[in-house]
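Beneath this line is the structure, given in structure tokens, with notes to follow.
Computed from the coordinates by the stated procedures, all read-outs in this text should not be read as laboratory data. Since this is a predicted model, take the numbers as computed values, not measurements. Quick reminder, even Gly has a Cβ in these numbers, built from the backbone with ideal geometry, and neighbours come from all protein chains shown.
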Amino acid sequence: MLSQTRWRKACRLLWLYCCITPVAFAETTFDLKTLLDKAVAENPMMAVSKAQMEAAAAGITVARSFYNPDMEIMAGPARYRGVPTPGATERNYGVTISQPLDFPGTRTSRRELAEQQLTYAEKGIQTTSFDLRNLIKQAYLTVLLRQQILQMLGANLSILQEIQTKIKRKVDVGEAARYELIKADTEVLAAERDYASAQTRIDEAKAILRGMIGNMPDTFEVKSELPVISTLPSIIDLRKSAENNPYLQQLITAKDSAEAKLKLEQALRFPGLTLKSDFTQDPDLNTFRLGVVVPLPVWNRRDGQIAQAAAGIEEADANIKLQHQVLRKEIDSAYQRSVIASNQLKVFENGLLQQSEATLSRAEAAYKFGERGILEYLDAQRVNRDVKRDYLVAKFDYFFSVLQIERFIGSDLVQP
């Protein structure tokens, strides 16, 4: 009875272990959409941009605030120079209250500058988010490319190992020359080297992807699902779409900020005035006065600050023109790369892949029937492997070229 109870407990523990172990040791699998959302939510660069936007929003509060008033209190003994007044005290004191005020134009200029700086920070978040999403897509596709290359190399290695085993049997029974086994061994060693290198490249690509997101497990898998590419516009439409480039929009906002800065510097020549009220009590006299303090721009007319602000506008305008030129060049270049990759894909899909497979099949059949040697068969195997690799590279090159176009026009062309 006791042994049966122990046996039941052991069975339950074994069943529990079998249920928990796959969950505990299973690697997390991410799809592209999850990675994009995770990067935007957790990447430190996004946190930096958000903090900059919060600081810029606080700048508007600063620009709308009023200056605090000043209070000055002074007191001391009084000494009569003549005959003292009967009943008068021998002390005096004074109270002065000052309130600095900006002119409406100065206050408006300060607020407009703060608002432009907030807009610039908001554009910065959009730029950072879009660039980060674009880089995540590239890293994700790089992992997929290297995984597919690894699968292709693994299949190639298995075939070469089968060939090696068959040739070894033939050599052992004297049906094949020794050099054929040496050649097969060399091909297998090269295939093992390529397979190990491909595995290392996958680990490298995953490390880059992990570094872009931040909070990621040490081991993870990506879903082997290619994203969807939207219909690529014509080159003319792409050039027009360059106006939506996030970095260009940020530069335009920077020019608006520079113009607001110039307006503020001009207003600060004569920024405002100070209202003052004064009460003084002398031993025999009480005085109450109201006054105004007005700055006179005689020696310092802020010529240097105004010149710096004007130069900032010229610099911003030059950066916008430069960015237009860069975008025009990069869009044309990326579009041509997409055309080249598309044409290469058509060549592979319209016959090259089938021809390579057919050539390999004929070479294999000829080797089996003794019409060709092992060298011709292995050469056909190598050519077929290279064609498949080139097809994968061309396939993903098209994705990468579209991602480059996406980055320059500021619009999502590759969708999860």
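The ranking of 280, 253 from fewest to most other beta carbons within 10 Å of each one's beta carbon is 280, 253. For the chain, the fraction of alpha-carbon pairs lying more than 38 Å apart is 56 percent, rounded to a whole number.
Comparing 201, 178, 107 in a Gaussian network model of the chain (Cα springs below 10 Å), the most mobile by mean-square fluctuation is 178. Structure remark: mean-square fluctuation, Gaussian network model of the chain, C-alpha springs under 10 Å; the largest value among 260, 394, 63 belongs to 63.
When each of the peptides 137-143, 216-222 is scored by the mean number of other C-beta atoms lying within 10 Å of its residues, the order from highest to lowest reads 137-143, 216-222.
In percent, rounded to a whole number, the relative contact order of segment 95-210 is 33, using alpha-carbon pairs under 8 Å and six or more apart.
For the chain, averaging the sequence separation of C-alpha pairs within contact (under 8 Å, six or more residues apart) and dividing by the residue count gives a relative contact order of 24 percent. The shape of segment 133-180 can be summarised by an equivalent ellipsoid whose semi-axes, obtained from the alpha carbon gyration tensor, come to 42, 7, 4 Å from longest to shortest. Legend: P(r) of segment 254-311 from all alpha carbon pair distances, 10 Å bins from 0, whole percents, reading 20, 29, 20, 15, 10, 5, 0.
Under the convention that each Lys and Arg Cβ holds +1 and each Asp and Glu Cβ holds -1, the size of the dipole of segment 124-265 around its Cα centre is about 120 debye. GNM remark for the chain: springs join alpha carbons under 10 Å apart, and the peak mean-square fluctuation among 209, 101, 345 falls on 101. For the residue pairs 240/395; 321/395; 38/329; 137/255, alpha carbon separations beyond 29 Å are given by 321/395; 38/329; 137/255.
Compactness of segment 59-186, taken as the C-alpha radius of gyration over 2.2 N^0.38 Å, stands at 3.25. In vacuo Debye scattering of segment 246-382, one point per C-alpha: log10 I(q)/I(0) at q = 0.11 Å⁻¹? Rounded to two decimals, the profile gives -0.76. Stretching residue 353 away from residue 51 to a fully extended chain increases their span by 103.5 nm, per 0.36 nm per residue minus the current alpha-carbon distance. Each Lys or Arg adds one and each Asp or Glu takes one away; over the other residues whose Cβ falls under 12 Å from the Cβ of residue 392, this sums to +2.
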